[in-house]
1. Somewhere in segment 97-107, is a residue out of contact with any strand residue (DSSP E or B) (no Cβ under 8 Å at 6 or more places or on another chain) and loosely packed, with under 13 Cβ neighbours inside 10 Å?
2. Kindly indicate whether residue 68 is surrounded by 22 or more Cβ atoms within 10 Å (Cβ to Cβ), under 17 Å from residue 125 (Cα atoms) and at pLDDT below 95.
3. Quick check on segment 34-51. Is at least one of its residues under 30 Å from residue 137 (Cβ atoms), assigned to a helix (DSSP H, G or I) and more than 12 Å from the chain's Cα centre (by Cα)?
4. Report every pair of residues separated by at least 6 positions or lying on different chains whose Cβ atoms are under 6 Å apart, first residue within segment 35-58 and at positive phi, second part of a helix (DSSP H, G or I) and surrounded by 15 or more Cβ atoms within 10 Å (Cβ to Cβ).
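The values are calculated or read from the model by the stated rules, or taken from the named source; none is laboratory data. What you see is a predicted model, and the numbers here were worked out from it, not measured in a lab. We place every Cβ from the backbone using ideal geometry, glycine too, and count neighbours over all the protein chains shown.
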């Protein structure tokens, strides 16, 4: 499913879902990258904010996601659902993919982001999936 298809999908599904937020690490740099100038993470945050305009997806800047070895990093969170942390993002190429993933997640009632339809960078760059705060593991017998 293309970004434009998701953006034009049934607004009732997105409106019915809890708010979806993308957290972008603004201090992220690639290993060996110079410390002077704006961090590439800040560029990714700015590009993601532009890509999310008018979609209903919130973009928040955070100072560190503690994923420095696999940065640039971002997380996608939806209330009552799992949170996803992604790394190896490109500030000039992956903002739209983050928004596409967030819209895909917002459009499902399932607390897990669908694999099918997820942008490739969000498949190969997945670092962690964190359960919701009230998660209770089903006990196996």
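1. Filtering segment 97-107 for residues out of contact with any strand residue (DSSP E or B) (no Cβ under 8 Å at 6 or more places or on another chain) gives 97, 100, 104, 107.
Those left that are additionally loosely packed, with under 13 Cβ neighbours inside 10 Å: none.
There is no residue in segment 97-107 that is out of contact with any strand residue (DSSP E or B) (no Cβ under 8 Å at 6 or more places or on another chain) and loosely packed, with under 13 Cβ neighbours inside 10 Å.
2. On the way: surrounded by 22 or more Cβ atoms within 10 Å (Cβ to Cβ): no; under 17 Å from residue 125 (Cα atoms): yes; at pLDDT below 95: yes.
So residue 68 does not fit the description; no.
3. Step one: list which residues in segment 34-51 are under 30 Å from residue 137 (Cβ atoms), which gives none.
No, because not a single residue in segment 34-51 is under 30 Å from residue 137 (Cβ atoms), assigned to a helix (DSSP H, G or I) and more than 12 Å from the chain's Cα centre (by Cα).
4. Hits for this filter: 56/14.
Quick grid of which residues meet (1) without any contact (Cβ under 8 Å) to a residue 24 or more places away in the chain; (2) in a loop (DSSP other than H, G, I, E, B):
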residue	(1), (2)
60	no, no
80	no, yes
89	no, yes
92	no, yes
103	no, no
111	no, yes
123	yes, no
133	yes, yes
138	yes, yes
